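Here's a structure for you.
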Amino acid sequence: MAKAKFNVPTFREYPIIPELKPDVMKSDGPFISYPQHQEALNYPGELVDNWEEKAIEKMGDMLNKYRGFRVFMDSCVKCGACTDKCHYLIGTTDPKNMPVARQDLLRQVYRRYFTFAGKFFPKLVGAKELTKDVLDDWYNYYHQCSQCRRCSVFCPYGIDTAEISMAAREIMDSVGLGQKYCNEIIGKVFKIGNNLGLPEPALRDTLEGLEEDIEYDTGVKVRVPLDEEGADILLVTPSADFFAEPHIDGLMGYAKVFHAAGVSWTVSSYASEAANFGMFIGSYENMRRVSLRIREAAQQLGVKRIVFGECGHAWRVAYSFLNTLAGPFDFLDPNYPVPQHILEFTYGMIQEGKLTIDKSRNDEYVVTFHDSCNVARGSGMGGIPGGQFIIPREVIKAVCNNFYDMSPDTIHDRTYCCGGGGGLLTDDLMELRVKGALPRMEALKDVVDNYGVTHMAAICAICKSQFTKVLPYYGFGMDKILSVHQLVSNAVILEGQTD
Amino acid sequence: MGFLTALYALLFYFAFAVLIIGVGRKVYQYATTPAPLKIPTMPAPRTKTGAALRVLSEVIFFRSLFRSNKWIWVFAIMFHYGLLLVTIRHLRYFIEPVWWWVELAQPFGKYAGFIMIIGLLGLLVRRIAVERIRYISNPSDYLMLALLIVIGASGAMVSFVTRTDIVQFKAFMLGVMYFDWQPIPADFTLLVHLTAVIALMFIFPISKLLHAPGVFFSPTRNQVDSSREKRHLAPWAAELEARKS
């Protein structure tokens with residue numbers, strides 16, 4: 001088991017709701033971003049002098065721009081339905097990690113400055129002035145929300161804490177208080193084209209290496225093209241797919257599927273990133289700037305279709321926001337949805353019988369599937385409600401003989417976050433990440449014990465990285481996490497394959 | 001014309017104006033604030049009819065609350081449907097002749113008050129006894145339940161215990177409505193009941209009771225899953241586009 005400087009939560013015998021321990025997760029929050037990271041995103045470099053005034057002004061501006069934010073600020077009746085739904089509450093027991101309590105950090109200020117009751121009877125309705133203490137709480141606790149939207153599923157008014165935490169981060173950024181991890185990464189996308197800061201020559205090198213690996217494994221020359229004008233498909237995939245395990249095995253899977261399908265495709269070095277951390281910081285403008293790179297790349301390369309690789313929040317931005325942010329995509333082939341998910345593509349190929357599959361090649365695996373929150377609750381697939389639950393499972397079952405789902409309370413739209421989403425996948429938040437993974441780890445342990453599950457497959461770069469890190473804290477091997485297209489890659493037999 | 005009659009008549013006018021203007025202003029605000037991004041909690045309906053049905057399933061059945069917590073759901077349903085029946089029954093004091101369906105609701109409405117009070121007490125007990133809900137409660141959250149319990153209990157008292165000259169009360173209410181004031185029956189319990197109701201009307205547009213109009217405007221519940229097929233663009237986002245490109 002990995003060594004930790006903090007107490008790793010123990011598996012609960014029964015999933016009872018823990019007793020609250022106020023302030024156990026109170027801290028200074030994640031690393032604060034440097035002035036140059038802030039300025040690259042058009043935010044003040046550091047906390048401005050009149051930040052109280054500016055923050056309230058920004059809040060007012062956002063209340064007028066976002067209906068959700070306004071309705072959510074007014075509508076909560078404190079019924080308590082959400083209080084036990086957050087994985088961070090379950091893992092940390094800090095009451096400010098209850099969704100409603102997290103929302104109230106912003107709502108108390110909203111009430112003080114924007115409502116009659118809060119202006120005249122602040123104590124009665126729990127309204128508070130925006131002080132440094134409140135700002136500190138904002139910074140700390142709005143970076144303990146992975147914006148997974150599980151609470152919004154259970155709220156009778158659909159109040160979405162993700163929207164509120166995004167708004168809070170946007171307000172903080174606008175007064176010069178940003179989170180280093182997210183903002184530095186967005187800056188890299190603007191400057192280089194991807195979260196990793198992987199420049200074109202390095203990317204070309206990596207992809208060529210990948211071609212060699214596939215040829216070594218299969219004896220077949222499968223291409224992984226970069227910046228090829230006139231290709232049919234632009235593949236936009238998280239940059240983690242270019243180097244991290246098990247992500248890269250997934251990328252090899254996409255390449256094999258494209259190869260077997262006989263389509264021409266390419267990766268773009270200009271838009272070599274599916275991830276869009278602009279969403280995490282709640283910034284419409286930065287999210288749009290990142291999205292426009294994909295549009296520009298598609299136009300420059302003259303592709304007909306855009307396909308996204310396995311990435312959770314990227315697929316939410318792609319499915320739900322891309323048309324809004326960077327559309328209309330009338331220059332692409334209207335016969336295909338824009339954009340498509342790689343699983344929609346692969347599923348289509350399987351249904352058309354275009355892939356030769358030997359399921360027994362995955363017989364060493366007994367697989368379960370982790371629904372990534374942004375895919376499950378923020379997007380769709382296949383044009384049918386719930387397609388995002390059906391298609392990944394159908395693909396897994398088509399390439400793998402042994403599949404078991406985890407407990408119904410922890411899958412589909414009730415899935416638990418991996419603990420590292422929403423811009424929290426940074427080492428300075430490791431304690432939070434480990435604790436937040438508890439409910440998912442419990443559900444995994446259940447199928448491991450009862451069905452002999454050996455591996456968990458996922459379709460999100462963040463989930464895969466997070467699980468690689470946190471699985472050992474719970475006594476599992478770090479290689480227990482797989483890419484779905486890794487399973488596809490294992491089972492697909494290419495024409496002329498030698499092994 | 002007695003002082004009490006004038007006082008309550010004027011309070012009713014004032015409270016009614018505050019309620020209508022206050023809630024109207026909020027509804028206008030909700031309706032005119034754009035929702036720049038498609039954020040329905042997925043999976044979401046693919047059609048407008050589907051989305052409307054989804055909102056109705058929240059309004060009528062409290063569907064998400066049912067999935068979330070059965071105890072809160074039971075008490076919330078008891079309170080809201082109790083209140084609905086009671087309110088329908090109360091229409092008889094504002095109309096002459098009384099509509100047939102209001103007549104029909106009369107016997108149910110009388111006892112629905114108890115269901116409503118039990119629901120409210122259940123919610124109050126949970127608010128006090130469940131640590132998590134106690135933590136998130138402000139004084140106003142307790143007072144709101146207390147006010148509703150006062151309304152329910154005083155109403156039941158008037159109906160079943162102290163009694164009042166209900167014919168005279170109806171004359172007062174109709175008089176207020178048609179600006180032809182008639183004396184109000186000056187029973188203590190009735191006046192407590194009316195005062196609490198008037199207070200509720202004042203509080204409605206400045207409190208969490210705005211969840212009632214709010215639920216219809218919640219983008220996570222009322223949006224259609226059609227973002228790939230149909231471009232969704234808020235006016236301010238369109239302006240931003242025009243400026244930048």
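Average partner chain C-beta neighbours within 10 Å, per residue of A:287-294?
Per residue, the average neighbour count from other chains is 1.
Now, a different point. Taking every residue in B:210-216, how many Cβ atoms of other protein chains lie within 10 Å of its Cβ, on average?
Numbers: counts 7, 9, 3, 3, 11, 6, 2.
Counting other chains' Cβ atoms within 10 Å and averaging over B:210-216 gives 6.
Any idea what the dipole of region B:35-94 comes to, in debye rounded to 20, about its Cα centre with Lys/Arg Cβ at +1 and Asp/Glu Cβ at -1?
Values: 9 positive and 1 negative charges, 31 e Å.
Charge dipole of region B:35-94: 160 debye, to the nearest 20.
How high is the FRET efficiency from B:Arg134 to B:Arg243, r the C-beta distance, R0 45 Å, rounded to 0.05? All intermediate terms of the calculation are to be shown ahead of the outcome.
Working: r = 49 Å, r/R0 = 1.09.
E between B:Arg134 and B:Arg243, to the nearest 0.05, is 0.35.
If you don't mind, another one. Note down the nm distance, to one decimal, between modelled labels 7 Å out along Cα→Cβ at B:Asp180 and at A:Tyr451.
Those two pseudo-labels are separated by 7.4 nm.
Further question on the same structure: Please give the length that would be gained between A:Glu200 and A:Asp333 if that part of the chain were fully extended, namely 0.36 nm times their separation in residues minus their C-alpha to C-alpha distance (nm, one decimal). Kindly include the intermediate steps, with their values, before the conclusion.
Working: separation 133, 0.36 × 133 = 47.88 nm, distance 2.74 nm.
In short, 45.1 nm is gained.
Return the calculated 222 nm mean residue ellipticity for chain A, to the nearest 500 deg cm²/dmol, obtained by summing -39500 (n - 2.57) across DSSP H runs with n ≥ 4 and dividing by the residue count.
Numbers: 23 runs with 232 residues, N = 499.
That calculation yields -13500 deg cm²/dmol at 222 nm.
Further, regarding this structure: Nothing charged except the Cβ atoms of Lys and Arg (+1) and of Asp and Glu (-1): what's the magnitude of the dipole of region A:35-185 about its Cα centre? Round to the nearest 20 debye. Before the final figure, lay out the partial values.
Numbers: 20 positive and 20 negative charges, 142 e Å.
Charge dipole of region A:35-185: 680 debye, to the nearest 20.
For chain A, give me every cysteine whose Cβ has no other Cys Cβ within less than 4.7 Å, ordered by residue number.
A:Cys76, A:Cys79, A:Cys86, A:Cys145, A:Cys155, A:Cys182, A:Cys311, A:Cys400
Determine the shape class of the protein assembly as shown: with a ≥ b ≥ c the square roots of the Cα gyration tensor eigenvalues, call it rounded for a/c under 1.5, and otherwise prolate if a/b is greater than b/c, oblate otherwise. Display every interim value, and only then the final one.
Details: a/c = 2.11, a/b = 1.99, b/c = 1.06.
Prolate is the answer for the protein assembly as shown, as a/c is 1.5 or above and a/b outweighs b/c.
Calculate the dipole size of chain A relative to its Cα centre from +1 charges on Lys and Arg beta carbons and -1 charges on Asp and Glu beta carbons; express the result in debye to the nearest 20.
Numbers: 52 positive and 64 negative charges, 361 e Å.
Using Cβ point charges on Lys, Arg, Asp and Glu, chain A gives about 1740 debye.
Sticking with this structure for a sec: Return the FRET efficiency for the residue pair A:Lys26, B:Leu7: r is the Cβ-Cβ distance, R0 is 56 Å, and the value is rounded to the nearest 0.05. Write down the numbers at each step before the final one.
Working: r = 51 Å, r/R0 = 0.91.
Using R0 = 56 Å, I get an efficiency of 0.65.
Moving on to the next point. Going 7 Å from the Cα of B:Ile118 in the Cα-to-Cβ direction, what parts of region B:72-104 have a backbone nitrogen less than 11 Å from that spot?
Of the residues in region B:72-104, B:75, B:78-79 have backbone N under 11 Å from the label point off B:Ile118.
Would you please classify the overall shape of region B:12-100 from the alpha carbon gyration tensor, given that a ≥ b ≥ c denote the square roots of the eigenvalues, rounded means a/c under 1.5, and beyond that prolate means a/b larger than b/c while oblate covers the rest? Before the final figure, lay out each step's value.
Values: a/c = 2.18, a/b = 1.35, b/c = 1.61.
Here region B:12-100 falls in the oblate category.
Please give the calculated 222 nm ellipticity per residue for chain B, where each DSSP H segment of at least 4 residues contributes -39500 (n - 2.57) and the sum is spread over every residue; nearest 500 deg cm²/dmol? Show your work: numbers first, answer last.
Details: 12 runs with 178 residues, N = 245.
Rounded to the nearest 500, it is -23500 deg cm²/dmol.
Lys pairs in region A:35-185, Cα-Cα under 16 Å, at least 8 apart or on separate chains: how many? Write out the running numbers ahead of the final one.
On the way: A:Lys54/A:Lys132; A:Lys78/A:Lys96; A:Lys85/A:Lys96; A:Lys96/A:Lys128; A:Lys119/A:Lys128.
Lysine pairs meeting the criterion: 5.
Tell me, what ³J(HN,Hα) does each residue in region B:213-218 have, in order and in whole Hz, if you take phi through Karplus 6.51 cos²θ - 1.76 cosθ + 1.60 with θ = phi - 60° and put x for Gly and Pro?
Calculated HN-Hα couplings, in order: x, x, 4, 6, 9, 6 Hz.
Can you put A:Asp479, A:Asp371, A:Asp249, A:Asp160 in order of Cβ neighbours within 10 angstrom, beginning with the fewest? Please report the intermediate quantities before stating the final value.
Numbers: A:Asp479 12, A:Asp371 26, A:Asp249 20, A:Asp160 29.
Least to most surrounded, the residues fall as A:Asp479, A:Asp249, A:Asp371, A:Asp160.
Go through A:Ala81, A:Gly91, A:Tyr139 and say which Cα lies farthest out towards the positive end of the charge dipole of region A:35-185; charges sit on Cβ, +1 for Lys and Arg, -1 for Asp and Glu.
Ranked along the dipole, the leading option is A:Ala81.
Using alpha-carbon pairs under 8 Å, 6+ residues apart, how would you state the relative contact order of chain A in percent? Show your work: numbers first, answer last.
Values: 928 pairs, mean separation 91.8, N = 499.
Taking the mean separation of contacting Cα pairs over the length of chain A, I get 18 percent.
Give the calculated FRET efficiency between A:Glu39 and A:Glu212 to the nearest 0.05, with a Förster radius of 60 Å applied to their Cβ-Cβ distance.
Details: r = 41 Å, r/R0 = 0.68.
After rounding, the FRET efficiency stands at 0.90.
Just to be sure I understand the model, the point goes 7 Å from the Cα along the line to the Cβ. What's the resulting A:Phe11 to B:Lys110 distance in nm?
The answer from the label model is 6.0 nm.
Can you grab the distance from the C-alpha centre of region A:150-170 to the C-alpha centre of region B:51-120, Å, no decimals?
28
Under 16 Å from a point 7 Å along the Cα-to-Cβ line of A:Ala261: which residues of region A:290-332 have their amide N that close?
Of the residues in region A:290-332, A:303-311 have backbone N under 16 Å from the label point off A:Ala261.
Using per-residue counts of other Cβ atoms within 10 Å, averaged over each peptide, order A:331-337, B:7-13 from highest down. Can you show the working numbers first?
Details: A:331-337: 14.0, B:7-13: 16.3.
Packing proxy ranking, top to bottom: B:7-13, A:331-337.
I need the shape label for chain B. Rule: rounded when a/c is under 1.5, else prolate if a/b > b/c, else oblate, with a, b, c from the alpha carbon gyration tensor. Could you put the intermediate results ahead of the total?
Working: a/c = 2.17, a/b = 1.69, b/c = 1.28.
Since a/c reaches 1.5 and a/b is larger than b/c, the shape of chain B is classed as prolate.
Right, another one. Using amide H atoms built 1.01 Å from N in the peptide plane, name the residues 5+ places from B:Gln182, or on other chains, whose amide H lies under 5 Å from its own.
The answer is B:Gly175, B:Val176.
Using amide H atoms built in the peptide plane, which far-off residues or other-chain residues are under 5 Å from A:Ile32 H to H?
Excluding prolines and chain starts, which carry no amide H, the hits are A:Lys180.
In nm, to one decimal, how far is the modelled label at A:Asn50 from the one at B:Phe14, with both set 7 Å along Cα→Cβ?
It works out to 3.8 nm between the two label points.
Here is a further query. Which ³J(HN,Hα) values, rounded to whole Hz and listed in residue order, are derived for region A:48-61 from phi using the Karplus coefficients 6.51, -1.76 and 1.60 in 6.51 cos²θ - 1.76 cosθ + 1.60 with θ = phi - 60°, glycine and proline given as x?
Listing the rounded values in order: 6, 4, 9, 5, 4, 4, 5, 5, 5, 4, 5, 4, x, 4 Hz.
To continue, here is another question. From the phi angles alone, apply the Karplus equation (6.51, -1.76, 1.60; θ = phi - 60°) to region A:272-282 and give each ³J(HN,Hα) in whole Hz, x where the residue is Gly or Pro.
8, 8, 7, 4, 9, 6, x, 5, 4, 8, x
List every residue whose amide H lies under 5 Å from the amide H of A:Ala457, counting only residues 5 or more places away in sequence or on a different chain, with H placed 1.01 Å from N in the peptide plane.
Sorted by chain and number, the residues that satisfy this are A:Thr368, A:Phe369, A:His370, A:Leu482.
I'd like the mean, over residues of B:122-132, of how many other protein chain beta carbons sit within 10 Å of each residue's own Cβ.
Numbers: counts 0, 3, 0, 0, 2, 3, 0, 0, 4, 5, 13.
The per-residue average across the peptide is 3.
Sketch the reach of a paramagnetic label on A:Ile493 as a point 7 Å from Cα along Cα-to-Cβ, and name the residues of region A:250-279 whose backbone nitrogen lies under 17 Å away.
Residues A:257, A:260-261 qualify, since their backbone N sits under 17 Å from the label point.
FYI, it's all coordinate maths here, none of it is from the lab. Note that this is a predicted model, so its numbers are computed, not measured. We place every Cβ from the backbone using ideal geometry, glycine too, and count neighbours over all the protein chains shown.
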